[in-house]
Amino acid sequence: MERSEKYIQHHGTGAASTVSIKVQQSKWQNHMDWYILITLVMLILLLFFTGLGKVFNHAAFVSQLHKQPLPQWSMAILSYLLPMLELGTVLLMCIPQVRIWGLGLAILLMTAYSIYAYLAYIEIYGYVPCACGKVFEKMSWKQHFQFNLAVTLLAAPAWLMEYKVKLMEYKKTAIKTMHSESRRGFDQQER
């Protein structure tokens, strides 16, 4: 047995070392929970207000969409699909059981928006007006690209952390199930 400033460490599996590991894990878990929460709030607000803006100002959104260098057949589809995707993603992120799917969809949306903003910024299509609506209409394409990329890069670790949290929950549930099953089997053997 060695004495440390923080705790007594037993060689092998001692209670003191187990407590220290659990404290470290709970601190890390707390940081992950806060990061996920802050990212979720940011994404929910962003997608909620942009989605609602496209719904409430649908005529203006459709008008701006028709100025984009997209195939004509896709305009009608995108005019309804984009707001539905944004608001649906918000809904998924608000439900804990499917939050990981919402985060993944938000990352995909933000990645697509980042690519489009970058292509507009380098003027691959020539000058293109923004169809973002009221929320970001004052931004240049360069600012759009930088903002979208930053949001995407902030959301990706949140998705990984949420995945890790779900995996840990799954393992805990599996261990409890296995323990209760083995306990039931033990109880039946005693009878």
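Give the number of residues within segment 146-174 that are within 21 Å of ASP33 (Cβ to Cβ), open to solvent by 80 Å² or more (accessible area, probe 1.4 Å) and more than 13 Å from the chain's Cα centre (by Cα).
5
Which of the residues belonging to segment 115-139 are open to solvent by 50 Å² or more (accessible area, probe 1.4 Å) and modelled with pLDDT of 85 or more?
ILE115, TYR116, TYR118, TYR121, ILE122, GLU123, ILE124, MET139
All but one of (1) assigned to a loop (DSSP other than H, G, I, E, B); (2) open to solvent by 50 Å² or more (accessible area, probe 1.4 Å) hold for SER63; state the number of the condition that does not hold.
(1)
Are there any pairs, at least 6 apart or on different chains, whose C-beta atoms fall under 9 Å, with the first in segment 41-54 and without any contact (Cβ under 8 Å) to a residue 60 or more places away in the chain and the second aliphatic (A, V, I, L, M) and open to solvent by 40 Å² or more (accessible area, probe 1.4 Å), and if so, which?
Final answer for the pair search is PHE48/LEU87; GLY51/MET84; GLY51/LEU85; GLY51/LEU87; LEU52/LEU87.
Hey, any hits in segment 72-79 for a residue that's at pLDDT below 95 and at positive phi?
Checked segment 72-79: no residue is at pLDDT below 95 and at positive phi.
Name the one entry in VAL55, VAL98 that is open to solvent by 40 Å² or more (accessible area, probe 1.4 Å), farther than 27 Å from PRO157 by Cα and touching a helix residue (DSSP H, G or I) at 6+ places or on another chain (Cβ under 7 Å).
Result of the check over VAL55, VAL98: VAL55.
Please list, ordered by first then second residue, the pairs with beta carbon atoms under 6 Å, 6 or more apart or interchain, first in segment 136-147 and on the phi < 0 side of the Ramachandran plot, second open to solvent by 50 Å² or more (accessible area, probe 1.4 Å).
What qualifies is TRP141/TYR121; LYS142/TYR121; PHE145/TYR118; PHE145/TYR121.
The values are calculated or read from the model by the stated rules, or taken from the named source; none is laboratory data. From a predicted model like this one, the values you see are computed outputs, not experimental measurements. So basically every Cβ, Gly included, is an ideal-geometry build from the backbone, and we count neighbours across all protein chains shown. Ligands, DNA and RNA are excluded from the accessible area calculation, which covers all protein heavy atoms including side chains. Shrake-Rupley method; radii C 1.70, N 1.55, O 1.52, S 1.80 Å.
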